[in-house]
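I have placed the structure first, in the form of structure tokens, so that the comments after it can refer back to it.
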Amino acid sequence: MRADGRANSELRPVKITRGAVKYAEGSALIEAGQTRVICTTTIEETVPPFLKDKGKGWITAEYGMLPRSTHTRMTRDGRSSKPNGRTLEIQRLIGRAMRSVVDLSLLGERSFLIDCDVIQADGGTRTASITGAYVCFVDALRFAMRNGMIKKIPPIDYVAAVSVGVVDGQPMLDLCYTEDKDADVDMNIVMTGSGKYVEVQGTAEGSPFTGDTLNELLTLARIGIEKLVGIQKEVLADESVFGN
């Protein structure tokens, strides 16, 4: 039995609340156990120089943890200082995840800027950010369609993410912080709603792991992501996600 009473194949309680921020074109608060992340999307009528006059849009992300999102105060990592390597890695991961399920040519020459701000951290902040970012991104697309910026909503699939790992020899889904910090194997998996992999990040913190263990962890991740996509569908069910 895990510290919070879950089975090894069980997600923490997940809740996604749309419209968490008044002024953003799309926003969502995602709560995964004790981890909480505010995700917002801003639309700007510009694209990076490498996409100028290419007829395509862009999706990018910024990620940050508030100073007291953790047990002790951490230094603020944001625009006023150079983001650390972990922050840059997560920002790029969120952007790649969103771009993987969208036809950028349907966005027009505009950028969708996703901000994921961790207000409380208890493990799985990057995976929660991806899962919540998809919801606020879709709402921003709806805003763009209502306001005549785009002709239809262009996502071609859902996308969500979850952590898995091996703790005390046991494969586990959706690690909280106490499990994550002691994990023998730690992985973050990003998948689409149709079951395709976007990214697999994994490392052995102690001894190397076998292919059988890898397959077990991927199976756990698939179970978790299917449930997360189900939650996304419920949250977005009052309107069609797709433009067709």
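The values are calculated or read from the model by the stated rules, or taken from the named source; none is laboratory data. Just so it is clear, the model here is predicted, and its values are computed rather than measured. We place every Cβ from the backbone using ideal geometry, glycine too, and count neighbours over all the protein chains shown.
Picking from Val138, Val47, which residue would you name as being under 23 Å from Lys15 (Cβ atoms) and not aromatic (Phe, Trp, Tyr)? Give the derivation first.
Details: Val47 fails: under 23 Å from Lys15 (Cβ atoms).
Residue meeting the stated conditions: Val138.
This table checks each residue for (1) buried (at least 20 other Cβ atoms within 10 Å of the Cβ); (2) assigned to a strand (DSSP E or B); (3) at pLDDT 90 or above; (4) within 19 Å of the chain's Cα centre (by Cα).
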residue	(1), (2), (3), (4)
Ile43	yes, yes, yes, yes
Ser69	no, no, no, yes
Arg76	no, no, no, no
Pro83	no, no, no, yes
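Is it the case that Ala161 is under 15 Å from the mean Cα position of the chain (by Cα), within 21 Å of Thr17 (Cα to Cα), of a type in the set (Gly, Ala, Ser) and at pLDDT 95 or above? Judged against the criteria, Ala161 is a match.
Within segment 91-130, which residues are crowded, with 22+ Cβ neighbours inside 10 Å, within 11 Å of the chain's Cα centre (by Cα) and small (Gly, Ala, Ser)? Selection gives Ala97, Gly124, Ala128, Ser129.
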